[in-house]
């Protein structure tokens, strides 16, 4: 898969929109492959030594190519590389590749909407989901989660914070929040309705979109007052529009970010968890977090989040 | 602006087009094939098939494409069918397009003049041949604009494949926008790409329309028509035809036999001695409980010319259509040259195709009130085509026969004209030539001059008169032309309320009718003629 992707982009450079390219696209499409991207090069990070033992323990995974479903609209975690859009880049991508390197499998990527991440996994159209998804007990009904990061949310608002929003609290009463379908923030904001009523204010309104870009646009165009999401995503948006956006505050949520794997495939889950543990032990995860400007204290020791 | 051009030429977006085009192509291809099947089922005479097709249309037209995409992608794996994203999206688009395309096909097939289908049937074409040779070529021409619309709509709908992770243009645009925050340049660039794709479909549509345009045989005009400001000129030929008809095209000089006055006694003797051509016994037929034919008995002998007279609704047309089995009836039998059309030797009902073959074998020709020429075929091809398709004549043979018959009806110079460029009189003469082409034993003429302008009536009547006199052809003519009937027919029959009121030698009966109803009818016809 990696090789296909590279060849495509090379032939493209040689003769733009050449028929050879189109033919190879069609051929590849018919072979049933997802012709997209592969990943950023991983060569700079060494594989932890203990991984050899894990490969011996889980020989079935070795040499396989697995599909990682991502919602590539979160720069810093997963997004296409603006320099080479055939590649996905970000912390989640690097972490997934590191787990793959440790266990000896390759990854290809399938881009879906946020709400479709777990359904894609359930339908067997993907093998694993590493896409900045918060591990909640509700979501654990659809997949088993292995956590790897703590959750810090940022509150994105228009420059100057005209509505004075300062967290997921009554400051949101009467405000319009843009969120993605399926985000954990949605029920938290919805739950404010009762509190707002108590103090005689209108409930917050939620606009649902299906990717970060649309949520950020909603604030830029004045349709929404705030977008509450992962703090690093919010920082990225402020960096892109320093004159128009700002981060009002950061809040902690009682969740962790997790890797989703199919339910009832305990062996695969154990293998991923063991690899993640080794990657953390060897310091590789911290290294990757530094590379993508994530604060170190966000790291979380792997634990399972399963359905009750 | 720089960014706009950067994204416009970016290979990542450009290759997204490949997926967009692939999904659109497979969606339309699959939808087209499935649409043909569904349209066929809806038009089928088997009720179960049409009910099934309707249920399919209700389901797939009534649910959003986005759900169908998700279903094909995420639900089919549960029953063991795991399609790739591209396959699932193409399948969903095909399933969704099929009922829309089916309706376009069905509407345009229904819109093809029913009279032409009757004419095809009367010439002995099987339903399949009629469909392929007559209906489809005309329906396809009219369905091109609607299909073009559908193709553009499918192109835009392909963007929904982004929900099932197909890397098509829309998905790539949104991903790129997420990574770069350059929303507007990216969406303007991909919008322009969609416009170019939709524009290409429009160009294909225009080219197809021009290639199928029968009014533009001139190759220069074909290209000129591509220009948006080009307007189709009024067909010059049609005007020419109008002018020409004011003076009426002359028939070839009549033979001596045709000029000589009829020797009625001699004809009557010959007819009495010949064998029956059409035998009708106790024929009964009703429409919605109203009897149109009520126990009718009639025998027509070979060589006899019978004029059917009677007020509208008296059953004249129905009787003629029954003889050719274009209509079915409740009880009674019709034998043509000793053979029953529509049932086999054991009296079992035949399929439409078998009836068509029997019609061709018995050789009953029919001429319709509204000519019913095949609108997409030239005069020559209207005659030669059926000879090739039904009688299996060679191209050369069929063309020779067509030219010979066109000469006989005085229309050699109009051989290459389309029906719509000919006058009514010319069209009816071509229709008569077409009916004569397979050498029919019996010719049925259903009010052949009723749809004609008065000044064109005579040229057609003259052609029919010569057939009676020169060829000794057996003919049943329903007509309101009393003097023509008196002049040409051997026997006149007055029909009212589905049964024969009076019949007798034409000259005698039409001059001195004995039945009061006949008398009254003839009186009215006479007064009308005087008014004109």
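The values are calculated or read from the model by the stated rules, or taken from the named source; none is laboratory data. The shown structure was predicted, so the numbers you read here are calculated from the model rather than taken from an experiment. Using ideal geometry, Cβ is built from the backbone for each residue, glycine included, and neighbour counts are taken over all protein chains shown.
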Where in the stretch B:55-161 are there helices (runs of 4 or more DSSP H), lying fully within it, with 3 or more residues that are away from chain A (no Cβ under 14 Å) and over 13 Å from the mean Cα position of the chain (by Cα)?
-> B:85-111, B:136-157
The residue that is surrounded by the most Cβ atoms within 10 Å (Cβ to Cβ), considering only those in the stretch A:210-229 that are at pLDDT below 90 and touching a strand residue (DSSP E or B) at 6+ places or on another chain (Cβ under 7 Å), is A:212
Any chance the stretch B:380-395 includes a residue that's in a helix (DSSP H, G or I) and within 21 Å of residue B:455 (Cβ to Cβ)?
-> no
With respect to residue A:124, is the statement that it is more than 14 Å from every other protein chain (Cβ to nearest Cβ), assigned to a loop (DSSP other than H, G, I, E, B) and either out of contact with any helix residue (DSSP H, G or I) (no Cβ under 7 Å at 6 or more places or on another chain) or under 30 Å from residue A:275 (Cα atoms) (or both) true?
-> no
From the list B:444, B:461, pick out the single residue that is free of Cβ contacts under 8 Å to residues at least 60 places away in the same chain and under 30 Å from residue B:275 (Cβ atoms).
-> B:461
Residues in the stretch B:11-29: is at least one buried (at least 17 other Cβ atoms within 10 Å of the Cβ), farther than 23 Å from residue B:170 by Cβ and within 32 Å of the chain's Cα centre (by Cα)?
-> no
Would it be correct to say that residue A:75 is surrounded by 15 or more Cβ atoms within 10 Å (Cβ to Cβ), farther than 22 Å from residue B:85 by Cβ, facing chain B (nearest Cβ under 9 Å) and at pLDDT below 90?
-> yes
Residue among A:295, A:262 that is modelled with pLDDT under 95, surrounded by fewer than 21 Cβ atoms within 10 Å (Cβ to Cβ) and closer than 25 Å to residue A:129 by Cβ | A:295
Scan the stretch B:299-322 for residues that are surrounded by 21 or more Cβ atoms within 10 Å (Cβ to Cβ) and more than 21 Å from the chain's Cα centre (by Cα) and report the count.
-> 12
Within the stretch B:363-411, residues being in contact with a strand residue (DSSP E or B) (Cβ under 7 Å, 6 or more places away or on another chain) and crowded, with 22+ Cβ neighbours inside 10 Å number 5
Are there any pairs, at least 6 apart or on different chains, whose C-beta atoms fall under 9 Å, with the first in the stretch B:174-186 and more than 7 Å from chain A (Cβ to nearest Cβ) and farther than 19 Å from residue B:162 by Cα and the second part of a helix (DSSP H, G or I) and at pLDDT below 85, and if so, which?
-> B:185/B:2
Please state which one of A:115, A:143 is assigned by TED's automatic domain parsing to the domain that holds residue A:301, surrounded by fewer than 20 Cβ atoms within 10 Å (Cβ to Cβ) and touching a strand residue (DSSP E or B) at 6+ places or on another chain (Cβ under 9 Å).
-> A:115
Return only the number of the condition from (1) crowded, with 24+ Cβ neighbours inside 10 Å; (2) within 9 Å of chain B (Cβ to nearest Cβ) that residue A:68 does not satisfy.
-> (2)
